[in-house]
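Visitor: Following this message is one structure expressed as structure tokens.
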Amino acid sequence: MSQSKILFRLSGVPDDEADDVRKLLMDNYIEFYETSAGNWGISMPAIWLTDADDYDRARSLLDEYQRARTVRMRSEYERLKQEGKLKTWLDLAKEKPLLYLFHFFVAALVVYLSVRLVIDMSNIG
């Protein structure tokens with residue numbers, strides 16, 4: 001048995017996709033373990049193969065799964081688009097108006113402070 005090898009990073013991965021990858025590995029009798037982001041969220045969450053010798057087979061299975069998922073997600077997107085059920089940024093703002101306003105004001109503050117810093121720096125010289 002050789003050393004462990006990372007197969008799949010979990011940062012930003014939807015729960016359903018991570019569950020599918022776990023199931024794929026279990027169904028194919030490939031041993032793995034996971035690392036989490038840790039208590040402070042600074043570590044790398046990932047799925048690791050216990051035996052690096054399984055990497056080529058696992059990578060092949062994962063690549064095929066991701067191709068199929070891409071096709072499935074694109075067709076779902078197109079279906080929702082045709083039915084007019086896709087959420088726009090305005091829909092999201094209506095769902096959580098306070099959160100939207102908070103993010104808007106934070107972004108505006110960052111832009112204001114950046115522009116002001118540049119103007120203040122140009123007045124120094």
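Visitor: If you scan the stretch 35-75, which residues turn out to be free of Cβ contacts under 8 Å to residues at least 24 places away in the same chain and either in contact with a Lys or Arg (Cβ under 7 Å, 6 or more places away or on another chain) or among the aromatic types (Phe, Trp, Tyr) (or both)?
Guide: Trp40
Visitor: What helices (runs of 4 or more DSSP H) completely inside the stretch 18-125 contain at least 3 residues that are modelled with pLDDT of 90 or more and surrounded by fewer than 11 Cβ atoms within 10 Å (Cβ to Cβ)?
Guide: The qualifying helices (runs of 4 or more DSSP H) are 55-83, 97-124.
Residue-by-condition table, conditions (1) farther than 30 Å from Phe105 by Cβ; (2) in the same structural domain as Phe105 (by TED's automatic domain parsing); (3) more than 21 Å from the chain's Cα centre (by Cα); (4) of a type outside the set (D, E, K, R):
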position	(1), (2), (3), (4)
Asp15	yes, no, no, no
Leu25	yes, no, no, yes
Asn28	yes, no, yes, yes
Met44	yes, no, no, yes
Ile47	yes, no, no, yes
Thr70	yes, no, no, yes
Arg74	yes, no, no, no
Glu95	no, yes, yes, no
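Visitor: Show the residue pairs that are 6+ apart or on different chains and have beta-carbon atoms under 8 Å apart, the first residue being within the stretch 88-110 and over 22 Å from Tyr77 (Cβ atoms), the second being of a type in the set (Gly, Ala, Ser).
Guide: Tyr100/Ala93
The values are calculated or read from the model by the stated rules, or taken from the named source; none is laboratory data. Everything numeric in this text was worked out from a predicted model, so none of it was measured. So basically every Cβ, Gly included, is an ideal-geometry build from the backbone, and we count neighbours across all protein chains shown.
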